[in-house]
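The structure under discussion appears below in the form of structure tokens.
The values are calculated or read from the model by the stated rules, or taken from the named source; none is laboratory data. Given the structure is predicted, the values throughout are model-derived calculations rather than measurements. Quick reminder, even Gly has a Cβ in these numbers, built from the backbone with ideal geometry, and neighbours come from all protein chains shown. Side chains included, ligands, DNA and RNA excluded: accessible areas come from the protein's heavy atoms. Shrake-Rupley method; radii C 1.70, N 1.55, O 1.52, S 1.80 Å.
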Amino acid sequence: MSGIIGLLLCWFIWSIIKKIIDFLTKESRPKSSDAIISTSVTIRSTGTYEDFSKSVPPDKVWLPKDKSVVIAGYTISGGMLYVGKGLSAPTGWSKEAALINPDLPVDKSNPDRSGQYMSYWPSYSDINPASRAAYLEWLADGAKDPNANMGYVFLYFYGLERRLLCDTTSSEAAHHEIDQILLETERLLKIYSSSRSFKSYATRLINMAHAKFSKEKIYEKPVPDTSMIYENFPLFKLGLAQMAADNVPLPADWAIFLMRSDPEARLRTSARRCKDEFDNLFKAYYSEKFGKGILLSRSNTKYKLDYYPASSSLRGAAFGNTDLWDASVPKAFLKQLRDIADTCMDELDAYSRFIGKKQEGVGSIEALALFPTRLLGGDNSKDLKVIEEWCKKSLDGKKYFQVDHSFFIKQFSLLKSVGSGKKESLAVAQLLSKVGIGLEPDIRFWAHWPGDGKIVLFNLPKDASAAPSSQYSAAVAILHLAAAVMHADGRISPEEESHFEKQLENWLHLDQSEMVRLRAHSEWLLSVPQSFSWLTKRMQSLDKRQTEAVGKFLVDLAQSDGHINPDEVRALTKIYSLLGLDPNDFYKHAHIAATEPVKVESILPNRKRGYPIPARPPIKDKNSIDLDMDKIKEKMTETAAVSAVLSSIFSENKEVPPKTPKNASHTKTSIMGLDHELSAFVRFLITKSSWTREELELRAAENKLMLDGTLDSINDAFYAAHNKPLFEGEDIIDINDEMLKEVPA
């Protein structure tokens with residue numbers, strides 16, 4: 001009894017399966033499913049069996065180029081098609097998807113030009129009759145309609161793919177057609193490259209053909225396009241294997257492809273937006289470091305012709321191999337390539353940000369000023385070369401050369417369109433620095449710009465910084481304070497200025513390039529009439545704590561050489577008065593600041609005794625090295641703080657800023673969900689178009705904030721809200737003008 005029940009159950013299940021098969025294999029369905037395969041035999045709706053393991057030779061059904069055929073009334077004259085019956089897929093598991101069976105029905109009355117009935121991996125035998133009509137119509141029209149459904153393009157491409165990769169292994173006729181098939185693939189690629197999918201598959205087929213059939217060395221050809229890393233990587237990998245086998249150095253352009261394909265490389269916007277500039281800069285650094293390139297060694301892995309076909313009929317097919325071994329690329333070398341890329345991006349970031357905001361600005365003086373110096377040459381720097389030669393000639397044998405700003409600008413066509421605004425002034429300074437010329441005043445180092453006044457040109461030392469250190473900022477501000485005192489005293493001479501300038505260099509330990517720039521600034525300061533009537537009013541904007549900090553700092557500098565002479569005493573006591581401090585406090589501060597005997601000489605001619613000084617501390621072993629890192633850090637922080645205070649006094653805006661009420665930020669609206677302190681910091685940031693890191697370090701310290709965390713939190717909030725940062729940069733932080741309108745008042 002149980003046996004009979006089992007048989008009935010099997011019959012019932014088989015009946016259901018047969019109905020499902022009959023339903024799925026009906027020709028009239030809009031979207032045909034793949035045939036249900038059992039080993040090498042499939043069940044068709046007619047009830048017959050088709051053995052795909054027995055295939056006709058491909059040459060028997062292949063229509064060569066320019067051979068005509070008429071199918072369902074459509075005359076197709078281009079050839080390069082499989083037309084007929086009995087051709088199986090290369091694996092023998094199914095019918096060839098590209099094979100056009102002329103006996104299958106075609107619905108000419110309603111061609112499916114939109115491809116609505118096409119499946120993702122179409123097969124001519126399975127697509128809807130209306131889709132067959134649209135496909136044959138497209139072929140008859142020359143397979144060139146740019147608006148054709150991509151399903152029809154792929155169906156035609158399947159045949160080219162099979163003929164090139166599979167038939168060539170056994171057919172002499174197919175082997176002679178390689179160039180024709182490649183030309184046809186390239187023709188299709190030009191028409192349908194807007195399809196990312198087709199572009200990818202077609203590019204890989206072309207690369208595979210070159211790898212499989214070309215007798216030339218891949219590395220002797222142009223490096224594969226880096227915009228299609230995935231598609232071109234097998235061909236690139238073959239080139240590396242050939243280099244390793246032939247002991248050929250890896251050239252710079254191939255190193256760029258290798259770096260761009262490295263998954264650990266983190267390429268920023270500048271490497272993508274300024275691709276050509278990035279690649280040229282990378283080549284320059286690579287050649288400087290590695291010459292013609294490094295030699296790659298051979299690995300222990302055979303090079304494989306990896307290929308993922310577009311046609312489902314080719315899945316699982318083998319496409320051949322080579323006798324080459326993969327190249328071995330050291331991890332340390334990849335790290336060096338990433339370091340070069342980081343350097344290139346650092347140099348390109350400012351230029352990239354500029355053209356990202358102002359596409360029409362490419363080629364302008366502002367863009368050229370931000371362009372990496374290494375890339376200057378040829379047409380983009382002819383005008384700049386003229387400026388360089390004029391400056392060098394003017395400076396011949398001289399340390400400094402003074403000239404009217406307006407006269408200087410009018411000498412050169414490149415500069416004639418330059419205005420007197422801050423951005424234009426910055427561009428001029430940056431541009432000149434690229435040819436080794438410095439000028440003062442430089443808006444990057446000093447807030448004031450002379451407009452049509454005098455400027456001082458000088459030869460810029462190599463590796464000179466593009467931004468002021470806190471020591472330099474303090475030095476130039478103190479120089480102006482001294483000039484203000486001398487001006488008020490009615491006597492200002494080059495000797496006095498030179499003496500004070502040298503003292504500043506010694507006090508603040510300026511490096512060579514800063515000393516050269518400070519002397520140039522002093523030259524300008526002496527040559528231009530200065531009005532300091534506004535300075536007393538500006539001093540009123542400082543609170544008692546700030547003025548005392550400046551005064552003590554000046555005293556600390558003056559006594560650093562163990563001696564404060566009468567000229568220094570006279571100048572510093574007057575500066576104390578200018579700061580609103582009691583001049584007598586100068587002596588008190590001098591003695592408090594001293595850690596070793598310091599002689600403070602009287603400014604009175606008959607008084608030769610120095611003022612009392614602290615006892616000398618115990619003498620240390622002269623051969624010992626004792627660096628107090630806490631004190632060094634404290635000194636640097638103090639210099640930065642005083643520099644910021646003094647710079648605020650001499651800022652371009654000479655109006656006295658209103659004092660902000662304490663905790664006023666807590667009454668304003670939160671920005672992007674940030675807390676009160678961070679929202680206040682945002683409002684502070686947008687008061688200027690750019691900041692130095694030292695300026696922001698000071699502000700953050702005053703508000704008891706960690707700068708890096710503060711900046712990250714602010715930019716994260718702007719990215720989350722608008723997908724754009726509020727600012728960019730590290731040492732120089734530039735505010736994104738587009739985001740200013742997003743900050744509530």
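State to the nearest 20 debye the size of the charge dipole of region 171-308 about its Cα centre, where the only charges are +1 on K and R beta carbons and -1 on D and E beta carbons.
Working: 22 positive and 18 negative charges, 98 e Å.
That gives a dipole near 460 debye.
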> Taking the inverse of the average 1/r across all pairs of different Cα atoms in region 675-745, what Kirkwood radius in Å do you get?
Replying inline: 12.1 Å
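How long are the three semi-axes of the equivalent ellipsoid for region 146-263, computed from the Cα gyration tensor as the root of 5 times each eigenvalue, in whole Å, largest first? Intermediate values should be presented prior to the final figure.
On the way: eigenvalues 147, 76, 19 Å².
Semi-axes, largest first: 27, 20, 10 Å.
Averaged per residue, what accessible surface does region 217-349 expose to a 1.4 Å probe, in Å²? Before the final figure, lay out the partial values.
Details: 6450 Å² over 133 residues.
Counting only protein heavy atoms, the per-residue value for region 217-349 is 48 Å².
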> Residues in region 265-282 near a label at Ile229, defined as backbone nitrogen under 15 Å from the 7 Å Cα→Cβ point?
Replying inline: 265-273, 275, 279
> Just how much of Ser465 is accessible, in Å², when a 1.4 Å probe is used and the result is rounded to the nearest 10?
Replying inline: 70 Å²
>> Can you give me the solvent accessible area of Arg315 with a 1.4 Å probe, rounded to the nearest 10 Å²?
In response: 50 Å²
>> Could you work out what % of the accessible surface of region 159-281 is carbon and sulfur, using a 1.4 angstrom probe and leaving DNA, RNA and ligands out of the count?
In response: 50 percent
> FRET efficiency for Ser465 and Tyr120, Cβ-Cβ distance as r, R0 = 51 Å, nearest 0.05?
Replying inline: 0.30
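So, for region 98-189, what is the accessible surface per residue at a probe of 1.4 Å, expressed in square angstrom?
Working: 3610 Å² over 92 residues.
Here the residues of region 98-189 average 39 Å² of exposed surface.
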>> For a distance above 23 Å, tell me the whole-number percent of Cα pairs in region 282-389 that qualify.
In response: 59 percent
> Which is farthest toward the positive dipole end of region 262-363 among Tyr351, Ile294, Ser313, measuring Cα position about the Cα centre, with Cβ charges +1 (Lys, Arg) and -1 (Asp, Glu)?
Replying inline: Ser313
> At what distance in angstrom do the alpha carbon centres of region 274-293 and region 687-745 lie from each other?
Replying inline: 32 Å
>> For the pair Val386/Ala318, report the inter-label distance in nm, with labels modelled 7 Å from Cα in the Cβ direction.
In response: 6.9 nm
>> Given points 7 Å out from each Cα along the Cα-Cβ axis, report the Thr75 to Ser406 separation in nanometres with one decimal.
In response: 8.0 nm
> Using 0.36 nm per residue, how much length does the chain from Asn300 to Lys358 gain when fully extended, once their Cα-Cα distance is taken away?
Replying inline: 15.8 nm
> Ratio of Rg to Rh for region 208-250, alpha carbon only, Kirkwood?
Replying inline: 0.94
> Got a number for the accessible area of Tyr117? Probe 1.4 Å, square angstrom, nearest 10.
Replying inline: 70 Å²
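Do me a favour and compute the ellipsoid semi-axes for region 234-314 from its Cα gyration tensor, root of five times each eigenvalue, largest one first, whole Å. Numbers along the way, then the final one.
Details: eigenvalues 138, 86, 18 Å².
Here the semi-axes work out to 26, 21, 10 Å.
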> For the pair Thr169 and Thr373, how long in nm is the line joining their label points, each one 7 Å along Cα→Cβ?
Replying inline: 5.9 nm
> Protein chains only, probe 1.4 Å: how do Lys454, Lys434 rank by accessible area, largest first?
Replying inline: Lys454, Lys434
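Using only the heavy atoms of the protein chains and a 1.4 Å probe, how would Glu347, Glu440, Glu730 rank by accessible area, largest first? Working shown, then result.
Numbers: Glu347 60, Glu440 0, Glu730 145 Å².
My answer, sorted largest first, is Glu730, Glu347, Glu440.
Taking all protein chains together and a probe of 1.4 Å, list His521, His210 from the most accessible to the least accessible.
Details: His521 0, His210 60 Å².
My answer, sorted largest first, is His210, His521.
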> With charges set only on the Cβ (+1 for Lys and Arg, -1 for Asp and Glu), what does the dipole of region 64-128 come to about its Cα centre, in debye to the nearest 20?
Replying inline: 140 debye
> By how many nm would the segment from Lys724 to Lys331 grow when fully extended, if each residue of separation counts as 0.36 nm and the alpha-carbon distance is taken off?
Replying inline: 138.1 nm
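Pop out the carbon and sulfur fraction of the accessible area of region 309-358 as a percent, whole number, probe 1.4 Å.
On the way: 1110 of 2180 Å².
Looking at region 309-358 in its full context, I get 51 percent from C and S.
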>> So, for region 699-742, what is the accessible surface per residue at a probe of 1.4 Å, expressed in square angstrom?
In response: 59 Å²
>> Just the number: Rg to Rh for region 60-115, Cα atoms, Kirkwood Rh, two decimals.
In response: 1.00
